[in-house]
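K.L.:
Before I ask anything, here is the structure I am working with.
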Amino acid sequence: MSAIPAAPAIPAVPPVLPIPPVLAEVVRSGFVEGRHRGSLVVLAADGSVELALGDPVTPVFPRSSNKPLQAAAVLRAGLDLSGERLALAAASHSGEGFHLDLVRKMLAEHGVGVDELQTPPDLPLDPAEAETYLATGHVRDRVTMNCSGKHAAMLAACALNGWDRAHYLDPAHPLQRLVHDVVEDASGERIQTVGTDGCGAPLMAISLTGLARAFRAVVLAEPGTAERRVADAMRAHPEYVAGTRRADTWLMREVPGALAKMGAEAVQAVALADGRALAFKIDDGASRARGPVLGRALELMGVDAPVVARIGHLPLLGGGVEVGEIRATF
């Protein structure tokens with residue numbers, strides 16, 4: 001008697017995930033032609049959640065919004081950076097001449113060779129700078145990559161401590177373990193996932209609420225602490241954190257005490273001097289939605305400055321003239 005074949009396994013039904021809300025819509029000639037969904041959180045001055053849209057509690061990769069915490073780690077490692085150098089250590093720089101010159105100086109000052117940078121060769125992040133760079137005959141370079149200031153600081157910290165410089169991006173490296181601790185301390189969360197960022201550095205996942213909490217902790221830290229030194233340097237030299245044509249620079253220049261840092265995949269974090277903070281991520285990673293969402297969030301937080309409208313207005317062109325905009329929907 002032949003055996004009865006086993007019944008085929010019933011495939012597991014994947015969990016139904018909530019659909020994030022639309023944070024911005026693309027309006028062309030009065031017609032909505034696209035939508036950008038995402039999650040956002042705003043913290044009040046006392047650290048409580050004042051506004052939550054979507055899912056601000058599930059971990060995300062903050063990408064370069066983590067850089068102030070990575071810069072704090074190199075200070076905790078004993079590296080004595082300040083001013084423009086410390087701001088550049090927390091930067092996603094535009095690749096302007098003054099950025100590239102200072103990266104090279106920082107490496108030379110600490111006895112580190114340019115060839116030790118493990119950033120992938122890249123063009124300047126700012127499109128206008130990239131055009132000029134290519135027009136003058138340059139090619140993709142490790143120094144030109146927007147994370148080179150962070151990597152220069154990491155290598156300098158390794159040189160100071162006698163740590164292995166060939167494997168400074170290994171998550172088990174003493175410096176990266178220190179970054180791990182700083183991120184957990186500032187965010188108030190345990191890191192569940194470690195990935196690899198676009199620049200090759202370890203990337204620690206935390207929630208948007210944790211990211212906002214971390215920025216709040218950095219601006220409210222006691223003077224002289226590593227975290228506060230980073231915040232003060234970034235706010236004093238914002239053009240080294242971003243560039244002369246970037247929203248983070250405008251915001252830190254025009255709103256006293258504001259700390260702002262964007263990240264790839266449309267992440268943004270901001271903290272104000274009184275401890276209010278925000279963080280958001282656009283699900284599809286569309287950076288074009290970042291300005292309108294940031295501008296609207298700052299409006300809801302009561303930030304009254306012309307720069308808010310400047311950041312929030314993103315026109316759409318048709319035939320070279322404005323025919324619409326990307327606008328926040330909340």
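The values are calculated or read from the model by the stated rules, or taken from the named source; none is laboratory data. Bear in mind the structure is a predicted one, so any value in this text is a computation, not a measurement. For the accessible areas, the whole protein counts, side chains as well, though only heavy atoms, and no ligand, DNA or RNA atoms are used. Shrake-Rupley method; radii C 1.70, N 1.55, O 1.52, S 1.80 Å.
K.L.:
Using a probe radius of 1.4 Å on heavy atoms only, what accessible surface per residue do you get for the stretch 181-274? Whole Å² is fine.
P.N.:
Solvent-accessible surface per residue comes out at 34 Å².
K.L.:
Tally up the carbon and sulfur contribution to the accessible surface of the stretch 159-228 as a whole percent, 1.4 Å probe, everything protein left in place.
P.N.:
Of the solvent-accessible surface of the stretch 159-228, carbon and sulfur hold 48 percent.
K.L.:
For a test of the definition: using alpha carbon positions, the gyration tensor, and the 1.5 limit on a/c, classify the stretch 18-66 as rounded, prolate or oblate.
P.N.:
Here the stretch 18-66 falls in the prolate category.
K.L.:
Taking 0.36 nm per residue of separation and subtracting the Cα-Cα distance, what length does fully extending Leu160 through Val32 add?
P.N.:
My answer for the length gained is 40.6 nm.
K.L.:
Enter the per residue convex hull volume of the chain, computed from alpha-carbon coordinates, in Å³ rounded to the nearest integer.
P.N.:
It is 201 Å³ per residue.
K.L.:
Between Ser64, Ser92, Ser82, which gets the highest mean-square fluctuation from a Gaussian network model of the chain, Cα cutoff 10 Å?
P.N.:
Result: Ser82 has the largest fluctuation of those listed.
K.L.:
State in Å² the accessible area per residue of the stretch 106-173; use a 1.4 Å probe, count heavy atoms of protein chains only, and round to the nearest integer.
P.N.:
That works out to 46 Å² for each residue.
K.L.:
When the Debye formula is applied to the Cα atoms of the stretch 147-208, each taken as the same point scatterer, what base-10 log of I(q)/I(0) results at q = 0.13, 0.15, 0.23, 0.25 Å⁻¹?
P.N.:
For the requested q values the scattering log ratios are -0.34, -0.45, -0.99, -1.11.
K.L.:
Does the stretch 267-330 come out rounded, prolate or oblate, given a ≥ b ≥ c as the square roots of the eigenvalues of its C-alpha gyration tensor, rounded meaning a/c under 1.5 and, failing that, prolate meaning a/b above b/c?
P.N.:
Oblate.
K.L.:
Right, here's the next one. Tell me, what is a quarter of the convex hull surface for the C-alpha atoms of the stretch 71-202, in nm² with one decimal?
P.N.:
For the Cα atoms of the stretch 71-202, the hull's average projected area reads 8.0 nm².
K.L.:
Another one. For the stretch 185-281, restrict the atom set to alpha-carbon positions and state the Rg and Dmax in Å.
P.N.:
Using the Cα atoms of the stretch 185-281, the pair Rg, Dmax is 13.3, 36 Å.
K.L.:
Of all accessible surface on the stretch 84-158 at a 1.4 Å probe, what whole percent is carbon and sulfur?
P.N.:
Its accessible area is 53 percent carbon and sulfur atoms.
K.L.:
Relative to the compact globular guide of 2.2 N^0.38 Å, what is the alpha carbon radius of gyration of the stretch 180-235, as a ratio?
P.N.:
Taking N as the residue count of the stretch 180-235, the ratio is 1.18.
K.L.:
Tell me, rounded to the nearest percent, the portion of alpha carbon pairs in the stretch 74-133 spaced more than 16 Å apart.
P.N.:
Tail fraction, whole percent: 51.
K.L.:
Next up: Report the gain in length on full extension from Thr225 to Val321: 0.36 nm times residue separation, minus Cα-Cα distance, nm rounded to one decimal.
P.N.:
Between Thr225 and Val321, full extension yields 29.6 nm more.
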